[in-house]
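Written below as structure tokens is the structure these notes are about.
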Amino acid sequence: MNADTTGHHAGPHVVVAGGGIAGLAAAHRLAVAGHRVTLLEAGPRLGGKLLAGEIAGAPVDLGAESLLARRPEAVALARAVGLGDRLQAPGTTTASVWSRGELVPMPKGHVMGVPGDAHAVEGLLSAEGVRRIGLDAELPPAEIGDDIAIGAYVAARMGHEVVDRLVEPLLGGVYAGDAYRISMKAAVPALFEAARTRPTLTAAVRAVQQAGAAVPADAAGAATGLGGTVFLGVDGGVGTLPGAVADAIRAAGGEILTDAPVTALRRTGATGWQVVSGDRVLTADAVVLATPAGPAAALLAPHAPAATAELDAIAYASMALVTLAFRRTDMPALPGSGFLVPPVDGHTIKASTFSSQKWQWVADGAPDLFVLRTSVGRHGEEDQVHREDADLVAASLKDLAAAIGLTARPVATTVTRWMGGLPQYPVGHLARVARVRETVAALPGLRVAGAAYDGVGIPACIASAHRAADEIIATSKRTDPGAGHSL
């Protein structure tokens, strides 16, 4: 067990289980607020799906590569831990869709692929598909209820083609899931709320667009200092954020242990907890479970069986990232930052990012190379992710040759698998999360956080961590400063 202890506070002791970005954000919030914090990570490294690496000497992200800048949480945390001057807007934000064998520019004027004007998708959809979108205005208002699958709803209003060619690849890039099962309320809440009060889906999309347009670009980007950009990267990689947060936790007196899985929780008295990790037992005033749903369910089983049942029902998708480095002189001219791939076309890859074109820090780190990534796998396609590295590379090269005419051989490749990495948000997910939180809230000093709850993006994970930490801060009572030592 690797430990790093740089001091301690006299405040309440909080143990955080899980060293992904949610656990790190919760520990940072608590440590800065004056709590004594111990973070326990089951694996050998911190960061979860955030991972900085290199290929052929070029620095790259081997996991998540960007932060949604229109939400404040991730950018604010990056600034708080000293990465503010390394935030970087993409070099290009134009993307394409590889549909029916052609690269088509990503249409403008849509909300997660749902168009507000049929003409906007004329280059991507067939004439019949465009005509079908227009029928939305002739249909009676739909009864949405408490939740609905976005793919099913959009297909009923605008036809399957807009789902298969635009909504599905966009949502697949976020959730690695099936648009016909993904909760509209959870995945696109603004559109869900607008659709409940507008007579047509087209009107709902336009309402969401108008609400967004009402926020000036300089206001939307005020937290970044980089204008109204939608996404930001970090010079050196988003994967450097976990290390910076960990350093800040240590500087605030927190303790971080890796290779330290939490195997049991025990109640002590009315409000306290014992946290078992290997041969070590920590006494804590409060606990944050920032693990995936499965481990959280197992730890909660003796204390909140109803929450365990709900968490056990959350499915996860696996995916693989194939990173390839080419000699820059071997590359054809490429459009924009990359392309998405509709699953309906039957290709292996579901997207490709032209990293050296999208991120200046990647280009600067290896000026003679061109780095790009492909992604493989979605919910229900575990067999794809389990293919040998060489097979995934070969399949990626085959699709890249067909999509962008790339016939050069890479000088280096690396495959990164994220097994069970992305929780699925089917219809009713938010209601399930509400039931979990209601049950857990009955246990004093215990909260949950992470991608399984309020969103899979980095800002959403940080927000859930801050919610958990703030609730503990609000209810914590000062305890004996000796509490929390190993027994």
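Mind checking the angle between helix 21-32 and the chain's longest principal axis? C-alpha axes, 0 to 90 degrees, to the nearest 10. So the inclination is approximately 40 degrees. Using bins of 5 Å that start at zero, the share of Cα-Cα pairs per bin across the stretch 337-391 amounts to 4, 18, 22, 18, 16, 13, 8, 2, in whole %. Show which lysines lie in cross-link reach of LYS350 when reach means a straight Cα distance below 22 angstrom and same-chain residues fewer than eight apart are skipped. Within the straight-line limit of under 22 Å, LYS350 reaches these lysines: LYS49, LYS108, LYS358, LYS398. With a Förster radius of 25 Å applied to the beta-carbon distance between THR93 and HIS119, the computed FRET efficiency rounds to 0.70.
The share of alpha-carbon pairs in the stretch 239-344 lying farther apart than 21 Å comes to 61%. 3J(HN,Hα) along the stretch 254-271: x, 10, 10, 10, 9, 6, 9, x, 7, 9, 6, 10, 10, 6, 10, x, 7, 10 Hz, from the Karplus curve 6.51 cos²θ - 1.76 cosθ + 1.60 with θ = phi - 60°, whole Hz, x for Gly and Pro.
Return the Rg/Rh ratio of the stretch 285-329 with Cα-based radii and a Kirkwood Rh. List each step's numbers first, then the result.
Numbers: Rg = 18.5 Å, Rh = 13.4 Å.
Using only Cα positions, Rg/Rh for the stretch 285-329 is 1.38.
Both radii come from the Cα set of the chain: Rg as radius of gyration, Rh as Kirkwood radius; their ratio Rg/Rh reads 0.98.
Under the simplified labelling scheme, the ASP247-ALA390 pair shows an inter-label distance of 4.1 nm, with each label point 7 Å from Cα along Cα→Cβ. Evaluated over the Cα positions of the stretch 1-136, the convex hull gives a direction-averaged projected area, one quarter of its surface, of 13.7 nm². Take the alpha-carbon positions of the stretch 62-185, form their convex hull, and give its projected area averaged over all directions (one quarter of the hull surface) in nm². If you wrap the Cα atoms of the stretch 62-185 in a convex hull and average its projections, you get 9.9 nm².
Grab the DSSP H runs of the chain that are 4 residues or longer, score each as -39,500 (n - 2.57), total them, divide by all residues and round the 222 nm result to the nearest 500 deg cm²/dmol. Walk me through the numbers before you get to the answer.
Details: 18 runs with 163 residues, N = 487.
Taken over the chain, the calculation gives -9500 deg cm²/dmol.
Assign unit charges at the C-beta atoms only (+1 for Lys and Arg, -1 for Asp and Glu), then state the dipole size of the stretch 348-406 relative to its Cα centre in Debye, rounded to the nearest 20. That gives the stretch 348-406 a dipole magnitude of about 260 debye. Beta bridges from DSSP with both residues in the chain: antiparallel share about 75 percent, rounded to the nearest 5.
Against the chain, whose longest principal axis comes from its Cα atoms, helix 201-213 is set at around 60 degrees. Quarter the surface of the alpha carbon convex hull of the stretch 395-454 and you get the mean projected area, 7.4 square nanometres. Taking only protein heavy atoms and a 1.4 Å probe, the accessible area of the chain is 54% carbon and sulfur.
At a temperature of 20 °C and a viscosity of 1.002 mPa s, determine how fast the stretch 292-403 diffuses translationally according to Stokes-Einstein, using the Kirkwood radius over alpha-carbon pairs as Rh; express D in µm²/s, rounded to the nearest whole number. Write down the numbers at each step before the final one.
Working: Rh = 16.4 Å.
Taking Rh from Cα pairs, D becomes 131 µm²/s.
Given the Cα-Cα distance of GLU193 and THR263 and 0.36 nm per residue of separation, how much length would full extension add, in nm? Each step should come with its number before you reach the end.
Numbers: separation 70, 0.36 × 70 = 25.20 nm, distance 4.07 nm.
Result: 21.1 nm gained on full extension.
What does the accessible area per residue of the stretch 71-148 come to in Å², with a 1.4 Å probe and no ligands, DNA or RNA counted? Intermediate results must be reported in sequence, preceding the final value.
Values: 3910 Å² over 78 residues.
Roughly 50 Å² per residue, with all protein chains present.
Solvent exposure of the stretch 319-419, expressed per residue, is 41 Å² of accessible area, with all protein chains present and a 1.4 angstrom probe. Counted without the sites themselves, the longest stretch of the chain free of GluC sites (Glu not before Pro) in a DSSP loop having at most 10 other beta carbon atoms within 10 Å is 144-387.
Calculate, in whole percent, how much of the Cα-Cα pair population of the stretch 342-487 lies beyond 25 Å.
Details: 5665 of 10585 pairs.
That tail contains 54 percent of the Cα-Cα pairs.
Counting pairs of Cα atoms in the stretch 54-96, how many percent are more than 16 Å apart?
Working: 474 of 903 pairs.
Every Cα pair in the stretch 54-96 considered, those over 16 Å come to 52 percent.
The values are calculated or read from the model by the stated rules, or taken from the named source; none is laboratory data. Keep in mind that what you see is a predicted model, and the values were worked out from it rather than measured. Glycine gets a Cβ as well: all are built from the backbone with ideal geometry, and neighbour counts include every protein chain shown. Areas reflect the complete protein model, heavy atoms only, side chains present, ligands, DNA and RNA absent. Shrake-Rupley method; radii C 1.70, N 1.55, O 1.52, S 1.80 Å.
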